[in-house]
Structures are given as C-alpha cells and as structure tokens.
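**Student:** Just passing along the structure, written as structure tokens.
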Amino acid sequence: MINALREPNILITVFLTICCETIPIPILATDPHIRLLHVCQVWRDAMLSLPCLWDSYSFSACFLHQPRLQIDVLHYIIGWSGSNALTFLFPNTIGIEDHMTLKDNLFGGGRISIIDDIVSPYIDRIKFIRCLLNGNENRNFFLGIQKGAFSSLEGFDIAFINTLTHPYSAFTSQDVSNFQTFASLPRLRNVTCRIFNGISPLELNLPYSNLTSLDLDTSPISPGVFFRIMDLSRGSLIDAHFYVDFYIDLIDSLFGRTHYRYTAPVVMSSLSTLHLLLINSSADPDFILYFRFPLIQDLCVERAEKVLPFKWNTSHYLELLTSSAGLLKKLRLSSFAVDNSPASFHGHGLFCLSAPSDNIEPLFSVMPRLTELHLSIGIGIYTITFDKIARGELLPQLTAVDLTANIDPIPVIDMARTRNALAHSSALPPINHLSLTLPSTTLDRKKFFEKARNSLASVEECELLYLPSCNICG
C-alpha cells in the first residue's frame, strides 16, 4: 500500500480528490494542500508538479498583523500555479454588526490594497474574481486598470461601495467617461454586480453583447437602463436578475432628463431564466410587454408597490408567454416589501397589496411543461381550474405548488389528492410539494384545514401557513 501511494498516477488522483477546495488565505496549517505538502519529498514533488492545485484562492475577512509577510507568502505559493488561469475569492458581503466598520469586512482589514498588492500582478491570468471594493479601491479599479488588462477574465462577482455613511463616490463625469476596465474582454460571460457607489451599470462599459449571465442583485436601475441593457444583450443573455425601480424614471423626468424610448419589443432570443424585482411598476402597467422571451424556462416576477391595491394583469403574461415556445418550467408571480412600500412602511398586511386579477386559467393553457408554480395574492384561480389541474387537463407536468391566497384551501388540497391518485395509473407526475399561505382564521377553521392537510399522505411536503390580519384594513 505504501509503495502504491508513491506511484505518480495514484498520487495525482489522491491529491485532486483531497485538494478540491480553494486555498484559504491566510494560510492554515490544517489545509490539505499544506499538510500533504509536508508528508514526504515524493509527495511534495508530486504536489508541486500539479499547477491546478495552486490556482484558486479564498481570502478571509481578517486583520493582518504582518501584511507584507502575508502578501510575500501568497506570491510565493501562487508561483506554484505556473501559467494557469487564477481564481481569487475575496469577501464581498457587507455584514455590519455592533462596533464593526466596513474595513472589518475586508481581507487585511484595510491595511493592504487588494487591487495593487494582489490583483494587478496577475491581472492577465485572473479568470474569475469575487471582491468588495470600497473607497479608493474603486478608483484603483476603474481608473488604474487599463482596457483589456483582464484578458483572461471569464466572470466576476463584485460589490462596489464608497463608505457606509457616504455611499456615493466622488467620480466626476470625466472619470466616468474614462472607465475602461471591462472594455475589450472577449472571454467575459458571467457577471454578478452590486453597485452602491452611484455608478450606472451602463457606465461600467460591460461587453453586454457577449454576456450569458448577468445578476445585478439589488442594485436599483431605472426601466430605461433596464431596457437598454436588455437591448444590448438580446442575442447572448441566458440567465438574468434585475432590480428595477420605476421611481427613478419619475425623478429623471422631473429634472428633464431623457430616458430610453420604448419602440418595438426586444426579443431576448437566448434568455432562459429571468428574475425581476419591480418597484412601483404600476407606473407602467404594460412594461412586461416591451419584451419577448421565446425560450424562457424560469420566470420570476416580484413586485413592491406604493399604490394599493395593485393588479397583476395576467392577460399581459398570457400575451408574453403565448409568443414563447412553451418551454416554461417555473413561474413565480409574487409580492415583496421594501422600504417605502406599503407592506413594510405603512403597516398593511400582505393580503392588502393586490386587487383581484384576471382569471389565470388561460395562462395555464400555454404552459404545458410547467413543473413549479408560485403565485401571490390577487391572482384569481377558480375551483373549476383546480379540477382541471387535478385531471391533468391543465399543467400536466406540475409537481410543486406554492400559493399565497385568500381562498378556501380545501379545493387545492382535493386537487393534489386527486392528481396523485391518477398518477398511480397514468403518466401524470404526482404533486410532491404543496404550500399554502392563508389569512389568519379561527382556531376551529385551522384545525379543520390541518385535518385535511394531514390526509394528504401522498404529498411529500405539505404545509399550511397563516399571516396575521392587517392592522389597518382588519
């Protein structure tokens, strides 16, 4: 056995299996890379002959007492990666607890520049980087890195922030016009970006026509900016996540700023997954019709509105999906609360947020491959529609249902029971997940509903949740 573990091919397999994680920085003595390196000279030589073991690094948010020594050690270890493309994973979340500052979220505690000390020496070899850039690091990044320097970059996950008390940076219009960091990067495909320093995503000069994945998380953009990004990426984008605030367009119009004019619908020819967080979209009820998603498979639209109640206009989604290829597998239409929205700011409950919508049954008829359905309040589903779902006449591939509705749950429970009984003798898949969120009711009614739920032994996950009554509406 000992001799076998000295065979190069066997050693390579062992090392690749054990050292499958990134290398932690600061270096830990317990890390498998370091422990195996010190077993014996044969193992050390074998480890150092594999550059792929030394090309991915994960940096911890910590204070460095000897920053120059730590950086020198890092450069020495990176030397073992040969010419391999590199992955650098720095902390990029902002967790502020008592007595914490922004520097407490950074590698080195602010005593080093990750751009100057770590990124720049390897900038042409970095294929993926995750980091949080604050204060002067923003300037180092946007104004210090030349066009095309990230020549190997395939993806990044970066949060931009100035300071916690002054989130907007001091970039001038001249500075912004000189942003070239992301220009001329033909390999860049996957972008996740959180922007808290006042920069528009359009000012990043990303190669939108090449991107396949774009996640702007909760970085607020106007409908005009969103439309422009979608237009630029219409032929390439496959997976996207946006936070669109219609109030931004209103502010722009008050100051006489022009925004993008909607003309013909933008056809997103490759888009498969889209997650939209829409703030005050009632300002433009036809917004969703400005686009076409012929290959959409996963559509999630969440809304927060100031105007009560708001309507979902499911007929718009019917028009949108009728123009698609019928590939949709997941649909979520739901409400959420943010600052200044009624749900969180004025004390209203979730069931106050929506007016009854159009009948959703026609929409179900154009989704033959749907497997997961998540619907918020204000979307009408009639008992006869549940009967058709139970028999497989609608949504024949459905396996998961999540409803937040002011409805009698019994027809929904009966639908799952009937559907699962038919699944034993047909090609219909069973409903294996059922979640219902209802307005609070009497204890007797809850006991009655729970008894019905408990009778659904054929559903793997089944839950009934209750929300408290609205303090204002009762």
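**Student:** Take the residues in the stretch 219-252 that are open to solvent by 60 Å² or more (accessible area, probe 1.4 Å) and not aliphatic (A, V, I, L, M); name whichever of them is modelled with the lowest pLDDT.
**Tutor:** Y247
**Student:** Which residues, counting only those in the stretch 20-49, are part of a loop (DSSP other than H, G, I, E, B) and of a type outside the set (V, I, T)? Give the steps one after another, and end with the answer.
**Tutor:** Filtering the stretch 20-49 down to residues part of a loop (DSSP other than H, G, I, E, B) leaves 20-22, 26-31, 38-40, 49.
Those that are part of a loop (DSSP other than H, G, I, E, B) and of a type outside the set (V, I, T): C20, E21, P26, L28, A29, D31, H38, C40, S49.
Results for (1) basic (K, R); (2) in contact (Cβ under 8 Å) with a residue 60 or more places away in the chain; (3) closer than 16 Å to F156 by Cα; (4) touching a Leu at 6+ places or on another chain (Cβ under 8 Å), shown as yes or no for each residue.
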{"site": "L216", "(1), (2), (3), (4)": "no, no, yes, no"}
{"site": "P223", "(1), (2), (3), (4)": "no, yes, no, no"}
{"site": "F226", "(1), (2), (3), (4)": "no, no, no, no"}
{"site": "D231", "(1), (2), (3), (4)": "no, no, no, no"}
{"site": "R234", "(1), (2), (3), (4)": "yes, no, no, no"}
{"site": "I248", "(1), (2), (3), (4)": "no, no, no, no"}
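The rows are residues; the columns are (1) assigned to a helix (DSSP H, G or I); (2) in contact with a helix residue (DSSP H, G or I) (Cβ under 7 Å, 6 or more places away or on another chain); (3) open to solvent by less than 90 Å² (accessible area, probe 1.4 Å); (4) at pLDDT below 90.
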| position | (1), (2), (3), (4) |
| --- | --- |
| P411 | yes, yes, yes, no |
| I431 | no, yes, yes, no |
| L436 | no, yes, yes, no |
| D444 | yes, no, no, no |
| K447 | yes, no, no, no |
| L456 | no, yes, yes, yes |
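**Student:** If you take the residues in the stretch 413-429 that are in a loop (DSSP other than H, G, I, E, B) and surrounded by 14 or more Cβ atoms within 10 Å (Cβ to Cβ), which one is farthest from the chain's Cα centre (by Cα)?
**Tutor:** We begin by selecting, within the stretch 413-429, every residue in a loop (DSSP other than H, G, I, E, B); these are 424-429.
Restricting the remaining residues to those that are surrounded by 14 or more Cβ atoms within 10 Å (Cβ to Cβ) gives 428-429.
Working: L428: 31, P429: 29 Å.
So, considering only residues that are in a loop (DSSP other than H, G, I, E, B) and surrounded by 14 or more Cβ atoms within 10 Å (Cβ to Cβ), the one farthest from the chain's Cα centre (by Cα) is L428.
**Student:** Moving on to the next point. Can you tell me which residue within the stretch 16-31, out of those that are free of Cβ contacts under 8 Å to residues at least 40 places away in the same chain, in contact with a helix residue (DSSP H, G or I) (Cβ under 8 Å, 6 or more places away or on another chain) and under 19 Å from L86 (Cβ atoms), is most open to solvent (accessible area, probe 1.4 Å)?
**Tutor:** Taking the candidates together, the pick is E21.
**Student:** A follow-up question, please. Considering every residue within the stretch 167-185, establish whether at least one is touching a residue at least 40 places away in the same chain (Cβ under 8 Å), open to solvent by less than 50 Å² (accessible area, probe 1.4 Å) and under 19 Å from the mean Cα position of the chain (by Cα). Give the steps one after another, and end with the answer.
**Tutor:** Applying the first criterion (touching a residue at least 40 places away in the same chain (Cβ under 8 Å)) to the stretch 167-185 yields 181.
Going one step further and asking which of them are open to solvent by less than 50 Å² (accessible area, probe 1.4 Å), we end up with 181.
Next, only the ones that are under 19 Å from the mean Cα position of the chain (by Cα) stay: none.
Looking for residues that are touching a residue at least 40 places away in the same chain (Cβ under 8 Å), open to solvent by less than 50 Å² (accessible area, probe 1.4 Å) and under 19 Å from the mean Cα position of the chain (by Cα), one finds none in the stretch 167-185, hence no.
**Student:** May I ask you to list the residues in the stretch 267-315 that are touching a residue at least 40 places away in the same chain (Cβ under 8 Å), closer than 16 Å to Y247 by Cα and of a type in the set (V, I, T)?
**Tutor:** I279
**Student:** May I pose another question? Quick check: is even one residue across the stretch 380-389 among the hydroxyl-bearing types (S, T, Y) and surrounded by 21 or more Cβ atoms within 10 Å (Cβ to Cβ)?
**Tutor:** Checked the stretch 380-389: no residue is among the hydroxyl-bearing types (S, T, Y) and surrounded by 21 or more Cβ atoms within 10 Å (Cβ to Cβ).
**Student:** Okay, moving on. So which pairs qualify, if the first residue must be in the stretch 390-401 and open to solvent by 10 Å² or more (accessible area, probe 1.4 Å) and part of a loop (DSSP other than H, G, I, E, B), the second must be of a type in the set (D, E) and modelled with pLDDT of 95 or more, the Cβ gap must be under 8 Å, and the two must be at least 6 apart or on different chains?
**Tutor:** T399/E372
**Student:** Check the stretch 435-451 and report whether any residue there is aliphatic (A, V, I, L, M) and under 33 Å from the mean Cα position of the chain (by Cα).
**Tutor:** Yes, the stretch 435-451 has at least one match.
**Student:** Here are the criteria: (1) exposed (fewer than 14 other Cβ atoms within 10 Å of the Cβ); (2) at pLDDT 90 or above; (3) under 21 Å from S334 (Cα atoms). Tell me which single one K451 does not satisfy.
**Tutor:** (3)
This table checks each residue for (1) modelled with pLDDT of 90 or more; (2) part of a loop (DSSP other than H, G, I, E, B); (3) not small (G, A, S).
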{"residue": "H275", "(1), (2), (3)": "yes, no, yes"}
{"residue": "P285", "(1), (2), (3)": "no, yes, yes"}
{"residue": "I288", "(1), (2), (3)": "yes, no, yes"}
{"residue": "P294", "(1), (2), (3)": "yes, yes, yes"}
{"residue": "L299", "(1), (2), (3)": "yes, no, yes"}
{"residue": "K306", "(1), (2), (3)": "no, yes, yes"}
{"residue": "P356", "(1), (2), (3)": "no, yes, yes"}
{"residue": "L363", "(1), (2), (3)": "yes, no, yes"}
{"residue": "L370", "(1), (2), (3)": "yes, yes, yes"}
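**Student:** Next question. Inside the stretch 293-307, can you point out the residues that are farther than 16 Å from M367 by Cβ and either of a type in the set (D, E, K, R) or touching a Leu at 6+ places or on another chain (Cβ under 8 Å) (or both)? Before the answer, list the steps.
**Tutor:** Residues of the stretch 293-307 that are farther than 16 Å from M367 by Cβ, as a first pass: 302-307.
Matches in the stretch 293-307: E302, R303, A304, E305, K306.
**Student:** Let me ask something else. Of all residues being part of a loop (DSSP other than H, G, I, E, B) and closer than 30 Å to S272 by Cβ in the stretch 372-389, which is nearest to the chain's Cα centre (by Cα)? Just the residue, please.
**Tutor:** If we take residues in the stretch 372-389 being part of a loop (DSSP other than H, G, I, E, B) and closer than 30 Å to S272 by Cβ, then S376 is nearest to the chain's Cα centre (by Cα).
The values are calculated or read from the model by the stated rules, or taken from the named source; none is laboratory data. The model shown is predicted, which means the values in this text are computed figures rather than measured ones. Using ideal geometry, Cβ is built from the backbone for each residue, glycine included, and neighbour counts are taken over all protein chains shown. Accessible surface areas use protein heavy atoms only, side chains included; no ligands, DNA or RNA. Shrake-Rupley method; radii C 1.70, N 1.55, O 1.52, S 1.80 Å.
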